[in-house]
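Working notes, beginning with the structure itself.
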Amino acid sequence: MNELGNLPTEARNPASERIDEVSTLEMLRMMHAADEEAVAAVERELPRIAAAVDAIAARIETGGRLFYLGAGTSGRLGVLDASECPPSYNTPPELVQGIIAGGDAALRRSIEQAEDNPSLGARDLEEHDFGAGDVLVGIAASGRTPYVLGGLEHARKLGALTIGLTCVPGSEVAAAAEIAIVPATGPEVVTGSTRMKAGTATKLVLNMLSTGALVRLGYVYGNLMVNLQPTNTKLADRAARIIATITGLGYGEAAQLLARSESVKTAVVMNKLGLSRRDAEARLDAAHGRLQEALR
């Protein structure tokens, strides 16, 4: 394995060597400039991200699931992305899953030693019934985390699709995965603090992977979140506004239609095609939930 001190994510950043001496405004300018570098690093990886999105969508369409596996900040970001999918897109909780070294307790307090055992990565996947039809995104800013490498090895042996997300070119995680996404963010503003630039780049990529795959699968109509679950006041309001936007109904009528249909897509099909709720649901089922197709 690479020595940590030789990794670009562990190197000292000359642009921020005096960060503790400058004004607060100048300090923040340093941080902001570094964030712009993270965005540029992600842009260079867009072709690899696109390949991953299409591969993920293809696996999900045939019954597969998407798993994120990581330790520390990388693991927390994976769990965050996975946990946002059900409320945003009404996905089943098991469709996109985030696994962090050390379990859920590691979300709130550091259990850093958990990342050093490769067998734990494989074990955690087994406990989640990870199979050959699934997708594993192994996340490791350093590209060398044993926990993630163990998970990737296990997934490849099963024949599952493996994607490595790391900020270190030529790393073990990149080499271990079928698709490698490597936003090379370089040295951090605070040396070794990969929750900063590397974390920002990781979050951007995860946003693209989950959102992009769900767009490809018909969870979005235009740029509207038509599959959202109206489980609270804010989401119910958004759902009614989406229905109003697509159908041309007033907000009040849209809200009433939502109450009758309990689904944005069902409401739209009922209105646009003059169908009952039952017939609208059947039409959506025949279109595999794709509103665009159901309306043709």
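Laboratory data are not the source of any read-out in this text; all were calculated from the coordinates shown. For clarity, every value in this text was computed on a predicted model and none was experimentally measured. Here Cβ is always computed from backbone atoms with ideal geometry, including for glycine, and neighbour counts include all displayed protein chains.
Using the alpha-carbon centroid of each, what span in Å lies between the range 178-225 and the range 257-286? When both Cα centres are located, 34 Å separates them.
Is the C-alpha gyration tensor of the range 174-220 telling us rounded, prolate or oblate? Criteria: a/c under 1.5 is rounded; beyond that, a/b larger than b/c is prolate, otherwise oblate. Oblate is the answer for the range 174-220, as a/c is 1.5 or above yet b/c matches or exceeds a/b. Applying the criteria of a DSSP loop state and at most 13 other Cβ atoms within 10 Å to the trypsin sites (Lys or Arg not before Pro) of the range 229-288 yields no site.
Taking Val22, Val182, Val79 as the candidate residues, the one with maximal mean-square fluctuation in a Gaussian network model of the chain, Cα springs under 10 Å, is Val22. Put one equal scatterer on each alpha carbon of the range 143-296, apply the Debye formula with no solvent term, and list log10 I(q)/I(0) at q = 0.11, 0.12, 0.20 1/Å to two decimals. Ignoring solvent entirely, the Cα scatterers give -0.64, -0.70, -1.08.
Rounded to two decimals, the Cα radius of gyration of the range 1-157 over 2.2 N^0.38 Å is 1.19. Of the Cα atoms belonging to the range 75-129, the radius of gyration and Dmax stand at 12.1, 35 Å.
Scaled against the 2.2 N^0.38 Å expected of a compact globular protein of N residues, the Cα radius of gyration of the range 9-94 reads 1.53.
With the simple spin-label model, which puts each label point 7 Å out from Cα in the Cβ direction, the Lys157 to Ala58 separation comes to 2.6 nm. When a/c reaches 1.5 or more, the comparison of a/b and b/c decides; with that in mind, is the range 212-296 rounded, prolate or oblate per its Cα gyration tensor? Note, shape of the range 212-296 comes out oblate. Do any GluC sites (Glu not before Pro) in the range 202-296 lie in a loop, going by DSSP, with at most 16 other beta-carbon atoms within 10 Å of their beta carbon, and if so which? Answer in residue order: Glu262. Per-residue extension of 0.36 nm, minus the Cα-Cα distance of Ala33 and Ala259, leaves a gain of 76.6 nm for this segment.
With r defined as the distance between the Cβ atoms of Gln292 and Ala175 and R0 fixed at 35 Å, what FRET efficiency is calculated, to the nearest 0.05?
Working: r = 39 Å, r/R0 = 1.12.
Efficiency at R0 = 35 Å is approximately 0.35.
Rounded if a/c is under 1.5, else prolate if a/b is larger than b/c, else oblate: which is the chain, with a ≥ b ≥ c the root eigenvalues of its Cα gyration tensor? Note, shape of the chain comes out prolate.
Counted residue by residue at 0.36 nm each, then reduced by the alpha carbon distance between them, the extension gain from Gln113 to Arg12 reaches 33.9 nm.
In the chain, helical runs assigned H by DSSP with n ≥ 4 each contribute -39500 (n - 2.57); averaged across all residues and rounded to the nearest 500, the mean residue ellipticity at 222 nm is -16500 deg cm²/dmol.
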